[in-house]
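A short worksheet on the structure shown next.
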Amino acid sequence: MHWRTTNGPWWRRWSRPPLGSSARADGSRSRAMKYALVTFGCRANQADSAGLDGDLRAVGGRPTTLQDANLVVVNTCSVTSAADQSARQAIRRIRRGNPEARIVVTGCYATRAADELSGLPGVEAVVPNGRKEQLAADLRPLIASLPDGKGDGPCGTALEVQPSSRTVQLLGVQTGCDDTCTYCIIPRTRGHGRSRPFDNVLARVRSAVADGVKEVVLTGVHLGSYGRDLAPGTSLLSLAQALDALAVDCRFRLSSLEPMDCEPGLVDLVARRGRFVPHFHLPLQHASDACLRAMGRPYTRDDYRRVVDSVRDALPDAAIGTDLIAGFPGETAADHAASLDYLAGSPITSVHVFPYADRPGTLASRLPQKIDVAVARRRARELREVAEQLQQRFRQRAVGTVRPALTLGGGGAALTDNYLKVELAPAVPGNCLVDVRIASTTGKRTIGELVGSGDGSAG
């Protein structure tokens with residue numbers, strides 16, 4: 001079996017019997033397609049994997065463990081060389097642990113450097129991002145070879161979408177990016193910005209809520225550009241307003257949002273209405289204007305400060321996350337100090353810190369004045385130390401407050417609207433919207449108690 005794209009073949013020919021059709025000695029076939037998903041990287045990738053999970057269920061697949069799967073889909077990230085290495089290591093581990101599994105690799109690394117992955121042991125196919133949404137459909141000819149009637153598992157039943165058991169649904173509403181940040185490879189792996197049609201987003205939210213989901217997270221590679229490519233054009237704010245008015249029993253969360261896209265109307269919607277939780281992730285990348293210019297970021301530190309301060313003014317208890325890069329080419333000691341100084345005095349509550357690493361093909365990889373790896377790591381460590389102080393301050397400030405929260409898993413923990421993971425004792429049923437009082441925090445642990453009847457039926 002061999003599918004093609006306009007750029008030529010991307011599937012290697014299957015060297016073994018089709019998936020879901022394990023041949024017995026008597027020539028009969030049984031055994032449904034059993035799959036496992038391994039995901040690396042950002043929430044956009046996690047949302048893609050959630051979509052793949054639903055699509056594979058819809059064509060008769062059954063989720064299982066890596067050891068038991070006959071199909072493993074590895075959804076890769078390529079934002080750093082470390083991400084590439086982690087994907088390769090994972091593929092080798094999967095092969096060692098389950099030599100019979102067919103391994104299909106997709107995602108940004110698969111798009112950027114298919115040849116590096118196609119030769120790894122056990123890899124049957126390398127699927128670019130542009131074909132990811134068609135992956136399950138491409139597998140349909142293989143699924144069609146399953147026996148009818150009394151087969152094992154779901155192969156003897158009608159193919160239908162099975163309800164998801166997730167408490168939180170990551171919903172990709174946008175992918176691709178048209179920005180030109182000098183360090184970023186993602187525009188090459190994700191392509192131009194593309195938005196999911198408005199009505200399709202609403203339909204997917206309704207479907208997720210019907211399956212029991214209580215929180216929907218809107219994700220995108222450049223989420224704030226949502227709707228600019230649609231005809232007629234629309235915006236993330238318009239989508240958020242429509243979701244806010246939707247008659248469904250769930251809350252909404254925004255994933256990473258570029259600071260220049262965090263418009264006042266969006267902040268006001270979160271502050272006034274309550275359906276969107278008070279949590280913003282606004283990547284800064286650096287607090288030195290010289291480094292921001294070299295990175296191709298379209299704002300200054302003061303621009304960023306005004307956006308973040310406006311969020312804090314409107315939503316005093318909001319979680320505000322950010323990303324920072326340490327050791328960017330040409331970064332001086334004074335530039336690094338600017339990041340430390342801004343961070344320490346900011347209302348930021350959590351930080352992802354990345355030591356800079358060249359990505360082949362980016363403009364930044366050709367810049368002079370590279371920073372020694374040891375220096376970049378030391379600077380990253382110093383930023384993380386400040387970040388931990390900010391996170392601890394945020395947790396301490398929450399003690400004594402009551403926050404709406406969503407119980408997770410078996411109910412022994414809950415996620416507050418402002419992104420604090422709280423341990424609950426005694427446990428209550430999972431996947432319930434409840435009110436939680438933050439009782440104490442020690443180190444990285446935050447303890448809470450249920451407010452109200454305690455039956456876990458709130459929401």
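Side notes on the structure shown:
- Condition met for residue 83 (surrounded by 23 or more Cβ atoms within 10 Å (Cβ to Cβ), outside the structural domain of residue 224 (by TED's automatic domain parsing) and among the hydrophobic types (A, V, I, L, M, F, W, C)): no
- Among the candidates 56, 37, the residue that is part of a strand (DSSP E or B), farther than 21 Å from residue 357 by Cα and not assigned by TED's automatic domain parsing to the domain that holds residue 208 is uniquely 37.
- Qualifying residue in region 307-323 (condition: of a type outside the set (A, V, I, L, M), outside the structural domain of residue 420 (by TED's automatic domain parsing), under 23 Å from residue 278 (Cα atoms) and in a loop (DSSP other than H, G, I, E, B)): yes
- Qualifying residue in region 200-208 (condition: of a type in the set (Lys, Arg), surrounded by fewer than 16 Cβ atoms within 10 Å (Cβ to Cβ) and modelled with pLDDT under 90): no
- The single condition among (1) modelled with pLDDT of 90 or more; (2) more than 20 Å from the chain's Cα centre (by Cα); (3) crowded, with 17+ Cβ neighbours inside 10 Å; (4) closer than 29 Å to residue 191 by Cβ that residue 124 does not satisfy is (1).
- Considered as a group, the residues in region 283-294 that are in contact (Cβ under 8 Å) with a residue 40 or more places away in the chain and crowded, with 21+ Cβ neighbours inside 10 Å include one that is nearest to residue 324 (Cα to Cα), and that residue is 285.
- Selection within region 186-197: residues that are under 16 Å from residue 224 (Cβ atoms) and touching a strand residue (DSSP E or B) at 6+ places or on another chain (Cβ under 9 Å). The member of this set that is surrounded by the fewest Cβ atoms within 10 Å (Cβ to Cβ) is 194.
- Some residue of region 345-354 being part of a helix (DSSP H, G or I) and modelled with pLDDT of 95 or more: yes
- Check on residue 422, surrounded by 15 or more Cβ atoms within 10 Å (Cβ to Cβ), at pLDDT 95 or above, farther than 28 Å from residue 286 by Cα and among the hydrophobic types (A, V, I, L, M, F, W, C): yes
- Complete set of residues in region 386-401 that are in a helix (DSSP H, G or I) and among the aliphatic types (A, V, I, L, M): 386, 387, 390, 398
- Once region 90-102 is narrowed to residues that are at pLDDT below 90 and not basic (Lys, Arg), the residue that is farthest from the chain's Cα centre (by Cα) is 100.
- Test: residue in region 409-417 that is surrounded by fewer than 17 Cβ atoms within 10 Å (Cβ to Cβ) and either assigned by TED's automatic domain parsing to the domain that holds residue 314 or basic (Lys, Arg) (or both): no
- Residue that is farthest from residue 275 (Cα to Cα) [pool: residues in region 324-346 that are of a type in the set (S, T, N, Q) and surrounded by 15 or more Cβ atoms within 10 Å (Cβ to Cβ)]: 339
- Checklist (1) in contact with a helix residue (DSSP H, G or I) (Cβ under 9 Å, 6 or more places away or on another chain); (2) crowded, with 16+ Cβ neighbours inside 10 Å applied to residue 298, failing item: (2)
- Residue check for residue 239: in contact with a Gly (Cβ under 9 Å, 6 or more places away or on another chain), surrounded by 15 or more Cβ atoms within 10 Å (Cβ to Cβ) and under 25 Å from residue 167 (Cβ atoms): yes
- In region 144-188, the qualifying residues are those that are farther than 30 Å from residue 405 by Cα and under 16 Å from the mean Cα position of the chain (by Cα), and the one that is modelled with the lowest pLDDT is 186.
- Qualifying residue in region 365-385 (condition: part of a loop (DSSP other than H, G, I, E, B) and either in contact with a Lys or Arg (Cβ under 6 Å, 6 or more places away or on another chain) or among the hydroxyl-bearing types (Ser, Thr, Tyr) (or both)): no
- Any hit, region 256-267, residues being within 17 Å of the chain's Cα centre (by Cα), touching a residue at least 12 places away in the same chain (Cβ under 8 Å) and buried (at least 21 other Cβ atoms within 10 Å of the Cβ): yes
- Within the option set 261, 268, being under 30 Å from residue 434 (Cβ atoms), at pLDDT 95 or above and among the acidic types (Asp, Glu) holds for one residue only, 268.
- Considering only residues in region 376-401 that are aliphatic (A, V, I, L, M) and within 15 Å of residue 441 (Cβ to Cβ), the one that is farthest from the chain's Cα centre (by Cα) turns out to be 399.
- Residues being in contact with a His (Cβ under 8 Å, 6 or more places away or on another chain) and outside any loop (DSSP other than H, G, I, E, B) - total across region 167-224: 1
The values are calculated or read from the model by the stated rules, or taken from the named source; none is laboratory data. These numbers were taken from a predicted model, which means no experiment stands behind them. Every residue, glycine as well, gets a Cβ built from its backbone with ideal geometry; the counts of neighbours run over all protein chains shown.
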